[in-house]
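Quick notes on the structure that follows.
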Amino acid sequence: MTKGNGFGNLVESEAELRAIVGHPSELVQKKVITYLDHNCTEFIAQSPFLVLSTSDDSGYCDASPRGDKPGFVHVLNEKQMIIPERPGNKRIDSLRNILVNPKVGLLFFIPGLGETLRVNGTASIVKDEELLREMAVGDKVPQLGIGIEVEECFIHCAKAFKRSGLWEPDTWLDKNGLPSAAKMLFEHAKLSNSSEEEIHKRLEEGYANKLY
């Protein structure tokens, strides 16, 4: 082990890592499947929220939330699904990354359930009107979708949720004490022609009128 930049001693090999952590059980080793079976499909159908992980061709990573009513991810078959690309801030970090490095990881959540579903695969950007029309909300058809070719999927245990108490309302902070997105945006962007109050109004307008 060698000294890191401010982190002290670092682990520098898998052998060293295994000596500390150990090896997974037979159950953990065998839980990975390469397709969406009925269990995975049911989980996805009940999930209103996922995190999509991508990286660019230099390895810089990004994790982006995606959410809608349960079942918003459209499963085509046991190897393919599509995530509708709803209106956002037009940074399109995930989409730009997919163009140069299509490998992605997804983490599906169901509120109140500690276990999550992890899916890894290869992504593409879908513009097929017939497929996208199936994911319309009212008369709002998504302009694009993210197609996923499934390569791995497996259930992840609930330890992180139990340690964090994420789904336990008595652990939640009072809303008045939560970080303010408007304040953070104002202080980070440093726009001379704006204010925290104006940014707050822009956010609220977007949430009210631009979800689809």
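The residues of segment 71-99 that are closer than 18 Å to Asn120 by Cβ and part of a helix (DSSP H, G or I), listed by number, are Ser94, Asn97, Ile98.
Against the conditions (1) under 22 Å from Leu113 (Cβ atoms); (2) open to solvent by less than 80 Å² (accessible area, probe 1.4 Å); (3) hydrophobic (A, V, I, L, M, F, W, C), Phe49 satisfies every one except (2).
The set of residues in segment 18-42 being farther than 20 Å from Ala158 by Cα, part of a helix (DSSP H, G or I) and within 27 Å of the chain's Cα centre (by Cα) consists of His38 alone. I'd like to know if segment 202-209 contains one or more residues that are without any contact (Cβ under 8 Å) to a residue 40 or more places away in the chain and more than 28 Å from Ile83 (Cα to Cα). No: zero hits. The C-beta contact set for segment 93-106 (first residue over 15 Å from Ile83 (Cα atoms), second residue in a loop (DSSP other than H, G, I, E, B), distance under 7 angstrom, 6+ apart or interchain) comprises Asn97/Asp56; Val100/Asp56; Val100/Asp57; Asn101/Asp56; Asn101/Asp57. Just so you know, in segment 100-128 the residues that are over 25 Å from Ile33 (Cβ atoms) and in a loop (DSSP other than H, G, I, E, B) include one that is most open to solvent (accessible area, probe 1.4 Å), and it is Lys127.
Picking from residues in segment 189-205 that are basic (Lys, Arg) and closer than 20 Å to Gly88 by Cβ, the one that is least open to solvent (accessible area, probe 1.4 Å) is Lys201. For segment 129-148, the set of residues classified as open to solvent by 60 Å² or more (accessible area, probe 1.4 Å), farther than 21 Å from Asn97 by Cβ and without any contact (Cβ under 8 Å) to a residue 60 or more places away in the chain consists of Glu129, Glu130, Arg133, Asp139, Val141, listed by residue number.
The values are calculated or read from the model by the stated rules, or taken from the named source; none is laboratory data. As the structure is a computational prediction, the values presented were derived from the model and not from experiment. Cβ sites come from the backbone with ideal geometry, for glycine too, and all protein chains shown count toward neighbours. For accessibility, only protein heavy atoms count, side chains too; no ligands or nucleic acids. Shrake-Rupley method; radii C 1.70, N 1.55, O 1.52, S 1.80 Å.
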